[in-house]
1. Near residue 366, within a Cβ-to-Cβ distance under 12 Å, what is the net charge of the other residues, with Lys and Arg +1 and Asp and Glu -1?
2. Over region 216-293, what is the relative contact order in whole percent, taking alpha-carbon pairs under 8 Å and six or more residues apart?
3. Magnitude of the Cβ-charge dipole of region 198-253, K/R +1 and D/E -1, about the Cα centre, nearest 20 debye?
4. Test of understanding: given the chain, find the longest segment containing no GluC sites (Glu not before Pro) that are in a DSSP loop and have at most 10 other Cβ atoms within 10 Å.
5. At 1.4 Å probe size, with the rest of the protein present, what percent of the exposed accessible area of the chain is carbon and sulfur atoms?
6. DSSP beta bridges in the chain, what fraction antiparallel, as a percent rounded to 5?
7. What FRET efficiency, computed as 1/(1 + (r/R0)^6) with R0 = 56 Å and r the Cβ-Cβ distance, is obtained for residue 306 and residue 49, rounded to the nearest 0.05?
8. Could you work out how far helix 304-313 tilts from the main Cα principal axis of the chain, as a 0 to 90 degree angle to the nearest 10?
Amino acid sequence: MSGRTEGRGVLDGLRVADFSRVLAGPYATMMLADFGADVLKIEPPSGDDTRHWHPPVDTDGTATYFGSVNRNKRSVVLDLATDAGRDDAHRLARTADVVVENFRPGVMDRFGLDFTSIRAVNPGVVYCSITGFGSGAGAGIAGYDLLVQAVGGLMSITGEPDGDPAKAGVALVDVLCGQNAVSGILLALRERDRTGHGQRVEVNLLQSLLSALTNQAASALATGVPPRRLGNAHPSIAPYATFRAADRELVVAVGNDKQFRALAEVLEQPGLADDPRFRSNADRVAHREALTSFLEQRLAGAEAASWVDRLRTAGVPAGLVNDVTEAIAFAQRLGLEPVAEIGASRTVANPIRLDAAPAGYRTRPPALNDSAAIWRTERI
C-alpha cells in the first residue's frame, strides 16, 4: 500500500468546506484530503449524484464512481434551500481555510455563500470556483465533460482519420480541471502565508482543456490550420502509433533517429534507417503510410510481448496496449504502488509522491451525513 494510514500530512490543520459535486471538485478536494486536509463534504439530502451512479459498486455497496474521488472526507448533509441549512453552511464557511464550489455562476450568491459574502467574515478564505465556461458570457452553459470535449476541440483530433470524432474514454477534462483547482488553491494559500489575505481562485473546464491541448493548440495558433484526426498516430513524429502484432496490438514510440535505427536492427532490416524516405523524422512523417505498411508486415510475424521485450532491450520505447486491469498490474510490477487499500476497499493511489510526508489513506468514502453529529460539537 502506497502512502501513510496514520500521522500528520503536510496539509494537517487545513479545513476545506467542499460544496462541489460529481468529479472535478471532488477530485481536487480528495487530493487535498490525501495530504491531511480536513475536508467536509457538504451534500444535499439526496447526496452527491454520483452516489447513485451504479453499478458497479464497492465491497460495501458504495458506487465506485463516488468512491473514486471521495476518500478521506467527512459528509455533512445541509439543505441549502432552507434557512437552517444555509445558516449551518455559513458557520462552516466562516471557519474554513478553503471553500470549493462548482455550482453554476450565481447559485452561491443566492445562498449568500459567494466569495464576497464569505470574505467579509473570513478574510483569509481561499475560495475556489469551478465552472464549465467561466463566469462571463459562458455562465449559462452547463459544464459537462463530454460537451467540453466537443466544443473545446479534443474530439476533433481524437479518432480515426476517416471515422467520427471520439471522446476520451474517461472524463479527462474534469480531472484536468480538478488538478488545476489544486494548483490554484495551493498557490493562493502560499500567497496567504505572505499577506494573511485569501483570494478567489477560478478555473473552468474549457480553459483547462485548451491549455492541455499544448502542441496541438500551438500548431493551430501558429498556422491557422486546425489539426486533424490521425487515429493513434502523432502529427509530428513517426513511427509513433499502435501496430498489430500476431496476437494483439502494441505501441512503438520512436522519438529520434537513433531509436529508429535500433528499431530497424530489431526488425532485422538495418537498411531501413538509410532509406531516403525514412532517414530523418521529417522524412518518416512525410512517408508515414509507407512506413506504417512496412512495420505492420514485419510486426505481424511475432507476438506483441516478444516484440516489446526485444524493442525495450534495444532502447526503443514500446509497450502493450493494456486494458485497465493490465495497466494497474503493470504499475505494480514496476514497484509504483498504484493501489491503496483502506480496509476491504481498494482505490487508486495519489500520484504525487512527497519523500518526507507522503499521501495518507485514512478513511473510506464517507457514508451520507456520517459527520452530522460530530461537526456540530466542534468549535467553529
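1. Taking every Cβ under 12 Å from that of residue 366, the sum is +2.
2. Relative contact order of region 216-293: 23 percent.
3. It works out to roughly 100 debye.
4. 7-267
5. Answer for the chain: carbon and sulfur cover 53 percent of the accessible area.
6. Among the beta bridges of the chain, antiparallel pairing accounts for roughly 35 percent.
7. The value I calculate is 0.75.
8. 90 degrees
The values are calculated or read from the model by the stated rules, or taken from the named source; none is laboratory data. Not measured: the values here are computed from a predicted model. A quick note on method: Cβ atoms are made from the backbone with ideal geometry, for glycine too, and the neighbour counts reach across all protein chains shown. Heavy atoms of the whole protein, side chains included, go into the accessibility calculation; ligands, DNA and RNA do not. Shrake-Rupley method; radii C 1.70, N 1.55, O 1.52, S 1.80 Å.
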